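Chemist: Sharing a structure below in structure tokens format, with a few things to ask.
The values are calculated or read from the model by the stated rules, or taken from the named source; none is laboratory data. Every value quoted in this text rests on a predicted model; they were computed, and no experiment measured them. When we count neighbours, we look across all protein chains shown, and the Cβ atoms used for this are built from the backbone with ideal geometry, even at glycine.
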Amino acid sequence: MRPVKMVVLGVLLLPLAEVAAFVLVASISGLGVAFVLLILASLAGVFVLRSVGDGGAVSRLRAAAGRVDVTEVNLDGRGIATGLGGILLLIPGFITGLLGLAVIFSPTRQWLLAGFRHLVFGSGRQPTGPHVIDLEPEEWRDLPSPKLPPRKRRPEP
């Protein structure tokens, strides 16, 4: 199944899975405890988002977005991942809360990122990155495909 279809299916099935997780937690611990856990997770999300905002990541992103000559915004930083984890914690639900906690902590974040890369790019194809060498047009030439038979050379006039 293609990654886009999987994401759409996941977004459509997430509310059902959240309800099932809530019923499971409520049956194990009680209805009141389940509601308190949801509220505590949402409050934790608020505190995480406040800590990210105090770190200056949000203000740097706002400043970069306000400039006209921005050529690049680096979203690999710890602050962006922590902010995403805070947003996931803020959304009421046990599944999104657990996913938010996984995104906040570095070892599980790396594991999730590797799984996402495998899902999107597959096992054979890797994303482009620093191992790609960018050449000017005069610094490269086309090579014949190894799958095609070699071309016959025309006699020079």
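Chemist: Determine, yes or no, whether ILE95 is modelled with pLDDT of 85 or more and surrounded by fewer than 12 Cβ atoms within 10 Å (Cβ to Cβ).
Modeler: Numbers: modelled with pLDDT of 85 or more: yes; surrounded by fewer than 12 Cβ atoms within 10 Å (Cβ to Cβ): no.
Against the criterion (modelled with pLDDT of 85 or more and surrounded by fewer than 12 Cβ atoms within 10 Å (Cβ to Cβ)), ILE95 does not qualify.
Chemist: Collect the residues in segment 8-24 that are closer than 16 Å to ILE91 by Cβ and either touching a Gly at 6+ places or on another chain (Cβ under 9 Å) or β-branched (Val, Ile, Thr) (or both), keeping them in residue-number order.
Modeler: If the condition is that a residue be closer than 16 Å to ILE91 by Cβ and either touching a Gly at 6+ places or on another chain (Cβ under 9 Å) or β-branched (Val, Ile, Thr) (or both), then VAL11, LEU14, PRO15, ALA17, GLU18, VAL19, ALA21, PHE22 are the ones that fit.
Chemist: So, SER59, is that one at pLDDT 90 or above, loosely packed, with under 14 Cβ neighbours inside 10 Å and over 19 Å from ILE91 (Cα atoms) or not? Steps first, answer last, please.
Modeler: Working: at pLDDT 90 or above: no; loosely packed, with under 14 Cβ neighbours inside 10 Å: yes; over 19 Å from ILE91 (Cα atoms): yes.
Against the criterion (at pLDDT 90 or above, loosely packed, with under 14 Cβ neighbours inside 10 Å and over 19 Å from ILE91 (Cα atoms)), SER59 does not qualify.
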